[in-house]
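Notes for the one structure printed next.
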């Protein structure tokens, strides 16, 4: 009779372990049931004690907490590289122009850094500015020029949360704050990715913006 270790996977994704995790507490947090810990053994080729906080205890089959583990998911991740779920794009300079390498090629950015750049681009783009992507962007600039009230700040923070949450690589937004001052809105968003990585995004929106690079 096949065991749980022989069950074919329909899909998977990667999630960060945390300091102090055991395989059971990790399974409880990310899969909703501590009894699923045994499934993770086969998926990740683990051996007792499976997870450790001590770098000197890391060996074949024992993972250092803070690293990724593969867990079941409805669809497969786009690659076997944990950072692959965040994809690769052209790297932008602070002024929105394309960064170029020393040999003249376009520079690229990958992993969580690419996700952070994409989210900052979205916050710097007026929703409706890109006619083929009407729902892309941020509604905060409509508040520019209004009185710097608590209500304006709350609306800007809500708009920023909506923009960041719309990215499918984001699991949740844990905090969103905004300050409206004259012709500028400063936003700070704390988000968690689908891999469990924390991503802080901060940007100041004024009367100009840049769109996505892909």
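Read-outs: derived from the displayed coordinates by stated rules, not from any lab. Quantities reported herein were computed from a predicted structural model and do not represent experimental measurements. So basically every Cβ, Gly included, is an ideal-geometry build from the backbone, and we count neighbours across all protein chains shown.
By how many degrees, 0 to 90 and rounded to 10, does the Cα axis of helix 111-123 deviate from the longest principal axis of the chain? For 111-123 against the chain, the angle is about 30 degrees. If one computes P(r) from the Cα atoms of the stretch 4-77, what percent of pairs lie at distances over 18 Å? Of all Cα-Cα distances in the stretch 4-77, 33 percent exceed 18 Å. At a threshold of 8 angstrom on Cα-Cα distance, excluding pairs fewer than six apart, so keeping six or more, what relative contact order does the chain reach in percent? About 16 percent, as a whole number. Highest average first, the peptides 100-106, 33-39 ordered by how many other beta carbon atoms sit within 10 Å of their residues are 33-39, 100-106.
Given springs between every Cα pair under 10 Å in a Gaussian network model of the chain, which of 72, 94, 168 has the largest fluctuation? Judging by the Gaussian network model, the answer is 94. Reducing the stretch 135-155 and the stretch 90-115 to their Cα centroids gives an inter-centroid distance of 29 Å. Computed on the stretch 4-77, with alpha-carbon pairs under 8 angstrom and 6+ residues apart, the relative contact order is 45 percent.
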